[in-house]
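One structure below.
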Amino acid sequence: MSLVLPGEHVPAQHVNLKLGPGLLQQSSPGGESSIIATRAGELNHSANRARWWVESNARRYVPAPQESVIGVVIARSGENWRVDIGAAHMANLDGLAFEGATKRNRPNLKVGSLLYARVSLAHKDMEPELECFDAQTRKAEGFGEVKGGFVVHCSLKMCRQLLDPKHFLLPMLGSRFPFDAATGLNGRVWVNAKEAKHIIAVSRCIEAVDPDGGGMSEAEMKKFLGTLDI
Amino acid sequence: MHKRAPAFCSAARPGASGFCTRCLFRRARMPRPASPSIPEKEFLYSSLKQSLRLDGRNLLEMRAPTLTFGPELGWVECALGKTRVIAQVDAKMVKPPPERPLEGIISIHSELSPMASSEYDSGRPSDEEVTITRMLDKVLRRSDVVDKESLCVLAGQRVWHLRLTIHCLADAGNMLDCACLAGVVALRHFRRPEVEVVGDEVTIHHPSERAPVPLSMHHTPYCLTFAYFPETSILPVLDPSHLEETLSAGLLSIALNAQRELCVVQKAGGVPLAPDEILRIVGIAVDKAKELDKTVEERLKEDWAGRTVEVR
């Protein structure tokens with residue numbers, strides 16, 4: 001594991017090389033290609049050196065295809081909705097990209113509705129596009145409008161950690177009280193529980209563990225949970 | 001208007017998405033970020049009704065300010081939670097304007113750049129920026145914090161020009177209180193070089209020769225902001241966070257010092273308030289200002305004790 005800066009060469013070589021976020025393949029006129037980093041952060045690779053990626057922390061989301069995000073409906077433009085996903089540009093969501101949506105029967109979204117969606121297109125020269133279903137099966141698979149609850153904002157590293165099943169926070173909270181959570185990779189986590197104080201507790205714990213905020217460890221978190229009124 | 005070059009339109013009738021509704025010319029700047037979503041709004045109101053705040057504070061509890069002093073005198077970083085502001089004072093000797101030959105000059109420079117939050121544009125000042133700048137001017141300059149006459153060195157010839165620069169680094173709500181606190185603490189922390197006047201000759205002693213002197217200050221005002229919500233069953237909230245600020249129906253800012261002297265009451269629009277209510281809030285603000293004064297004095301004393309001023 002080493003640190004890389006944008007533009008630095010990365011010694012990634014494999015017959016079946018797969019590049020993750022923060023890396024770019026550059027080909028020179030001579031025909032040979034080299035891998036350079038586009039982000040500053042820790043360079044990681046899989047055990048067989050086939051997959052490489054750069055891990056870093058940021059607050060501004062850059063859309064990437066197939067990532068699930070939480071967005072807010074900003075406006076309606078014709079058939080489509082414009083959704084704020086915290087990126088530099090608004091995302092477009094096709095009005096028919098929902099489970100069971102037809103020309104006649106469309107989901108009834110309002111300005112300000114909250115969505116759990118997947119980025120279907122992310123290109124540097126185009127606005128990102130979202131969808132709320134699996135394009136192959138046309139089933140919702142959990143995507144769609146979310147109602148009630150609250151949205152916690154955190155850093156991008158924090159929300160990636162929350163998706164890691166081995167991370168301690170969500171299981172620890174789940175052992176105390178039941179709650180629902182949907183993690184978007186754009187630094188937003190939707191949380192719902194029966195009581196308001198439980199939602200607030202989850203929100204404060206995420207804030208406390210966030211490397212961009214409190215940065216608490218598991219032991220500190222246990223102590224902190226003891227001080228909360230839940 | 002729309003028959004001419006589209007650049008002339010500059011989104012005369014901006015639609016919801018930032019496009020002009022008549023010519024589809026897009027406004028040059030980024031559209032303002034969305035207001036909070038419906039679930040966030042509903043949850044905030046319902047939890048405030050149960051007197052619960054999202055960061056676990058009581059309704060009338062401030063985030064504890066963190067004051068960090070720099071190596072130079074008059075450099076202060078103030079943090080209220082994740083809101084961070086840097087204030088810096090420097091002094092220069094200038095010739096006073098002829099209409100006020102006996103008074104020093106104080107100027108305040110503040111700017112809200114997109115560094116603080118993506119909501120702020122560079123270029124045209126937003127409403128928030130205008131409010132903050134005007135309020136800083138009222139609290140730190142017009143309420144006579146610094147004795148301007150003591151800044152006069154030689155009548156009509158030489159006065160001190162104090163320049164207070166305020167950098168807003170991060171906005172997580174209640175930037176105004178943080179900026180006022182940073183500004184006033186920077187003024188308290190600053191020390192100007194000692195001057196000697198012999199006849200018409202002014203000598204400025206370098207801080208290494210003679211100990212610099214603190215500014216003579218009349219009082220130390222603190223600004224406290226309360227947020228009111230559209231539903232009257234929700235009580236006002238002190239030191240609102242960013243979400244509370246955007247969802248509030250109006251903000252009431254009170255500037256006062258620990259000696260119970262009221263400097264500024266500002267309420268720009270929002271919900272109507274009864275006189276009794278304002279008096280009650282002022283009473284609460286007095287207690288908070290006293291607490292704040294105590295911590296500021298402590299921190300200043302601590303910092304001064306840790307500093308060695310070389311005097312040869």
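The values are calculated or read from the model by the stated rules, or taken from the named source; none is laboratory data. Predicted model, so just to flag it, every value in this text is computed and none were measured. For neighbour counting, all protein chains shown are included, and Cβ atoms are generated from backbone atoms with ideal geometry for every residue, glycine included. Areas reflect the complete protein model, heavy atoms only, side chains present, ligands, DNA and RNA absent. Shrake-Rupley method; radii C 1.70, N 1.55, O 1.52, S 1.80 Å.
Table for the structure above
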read-out	value
Test: residue in the stretch A:71-78 that is in a loop (DSSP other than H, G, I, E, B) and out of contact with any Lys or Arg (no Cβ under 6 Å at 6 or more places or on another chain)	yes
Test set (1) more than 13 Å from every other protein chain (Cβ to nearest Cβ); (2) closer than 30 Å to residue B:212 by Cα; (3) within 18 Å of the chain's Cα centre (by Cα); (4) touching a residue at least 60 places away in the same chain (Cβ under 8 Å) - residue B:112 fails condition number	(2)
Selection status of residue B:210, at positive phi, assigned to a loop (DSSP other than H, G, I, E, B) and either open to solvent by 30 Å² or more (accessible area, probe 1.4 Å) or modelled with pLDDT under 90 (or both)	no
Residue count, the stretch B:82-100 (criterion: open to solvent by less than 50 Å² (accessible area, probe 1.4 Å) and not in a strand (DSSP E or B))	2
Any chance residue B:106 is without any contact (Cβ under 8 Å) to a residue 60 or more places away in the chain, within 17 Å of the chain's Cα centre (by Cα) and assigned to a strand (DSSP E or B)	yes
Evaluation of residue B:68 against (1) in a loop (DSSP other than H, G, I, E, B); (2) under 18 Å from residue B:177 (Cα atoms) (one fails), failing number	(1)
Every residue from the stretch A:52-70 that is part of a loop (DSSP other than H, G, I, E, B) and either facing chain B (nearest Cβ under 8 Å) or over 23 Å from residue A:107 (Cα atoms) (or both)	A:56, A:57, A:58, A:59, A:60, A:61, A:62, A:63, A:64, A:65
Test result for residue B:112, out of contact with any Pro (no Cβ under 7 Å at 6 or more places or on another chain), surrounded by 15 or more Cβ atoms within 10 Å (Cβ to Cβ) and within 21 Å of residue B:188 (Cβ to Cβ)	no
Any hit, the stretch A:26-36, residues being of a type in the set (D, E, K, R) and either over 25 Å from the mean Cα position of the chain (by Cα) or assigned by TED's automatic domain parsing to the domain that holds residue A:157 (or both)	yes
Single residue of the stretch A:126-161 satisfying the filter (closer than 18 Å to residue A:221 by Cα and buried (at least 20 other Cβ atoms within 10 Å of the Cβ)) that is nearest to the other protein chains (Cβ to nearest Cβ)	A:152
Residue that is farthest from the other protein chains (Cβ to nearest Cβ) [pool: residues in the stretch A:34-51 that are touching a residue at least 40 places away in the same chain (Cβ under 8 Å) and in contact with an Asp or Glu (Cβ under 6 Å, 6 or more places away or on another chain)]	A:44
Count of the stretch A:102-113 residues which are open to solvent by less than 70 Å² (accessible area, probe 1.4 Å) and either at pLDDT 90 or above or touching a strand residue (DSSP E or B) at 6+ places or on another chain (Cβ under 9 Å) (or both)	4
Residue match in the stretch B:225-232 (condition: touching a Phe, Trp or Tyr at 6+ places or on another chain (Cβ under 8 Å), buried (at least 22 other Cβ atoms within 10 Å of the Cβ) and more than 16 Å from residue B:132 (Cα to Cα))	yes
Residue check for residue A:59: at pLDDT below 90 and either surrounded by 14 or more Cβ atoms within 10 Å (Cβ to Cβ) or within 29 Å of residue A:85 (Cα to Cα) (or both)	yes
Enumeration of residues in the stretch A:85-101 that are buried (at least 21 other Cβ atoms within 10 Å of the Cβ) and within 11 Å of another protein chain (Cβ to nearest Cβ)	A:85, A:86, A:90
Evaluation of residue B:264 against (1) open to solvent by 20 Å² or more (accessible area, probe 1.4 Å); (2) over 24 Å from residue B:82 (Cα atoms); (3) in a strand (DSSP E or B) (one fails), failing number	(1)
When residues of the stretch A:162-172 are limited to those that are out of contact with any strand residue (DSSP E or B) (no Cβ under 7 Å at 6 or more places or on another chain) and touching a residue at least 12 places away in the same chain (Cβ under 8 Å), the one least open to solvent (accessible area, probe 1.4 Å)	A:169
Odd one out for residue B:182, checked against (1) closer than 25 Å to residue B:299 by Cβ; (2) modelled with pLDDT under 95	(2)
Failed item, numbered, when residue B:284 is tested on (1) under 19 Å from the mean Cα position of the chain (by Cα); (2) farther than 27 Å from residue B:215 by Cβ	(1)
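Results for (1) within 13 Å of chain B (Cβ to nearest Cβ); (2) under 19 Å from residue A:70 (Cβ atoms), shown as yes or no for each residue.
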| residue | (1), (2) |
| --- | --- |
| A:187 | yes, yes |
| A:191 | yes, yes |
| A:201 | yes, no |
| A:206 | yes, yes |
| A:222 | no, no |
| A:230 | yes, no |
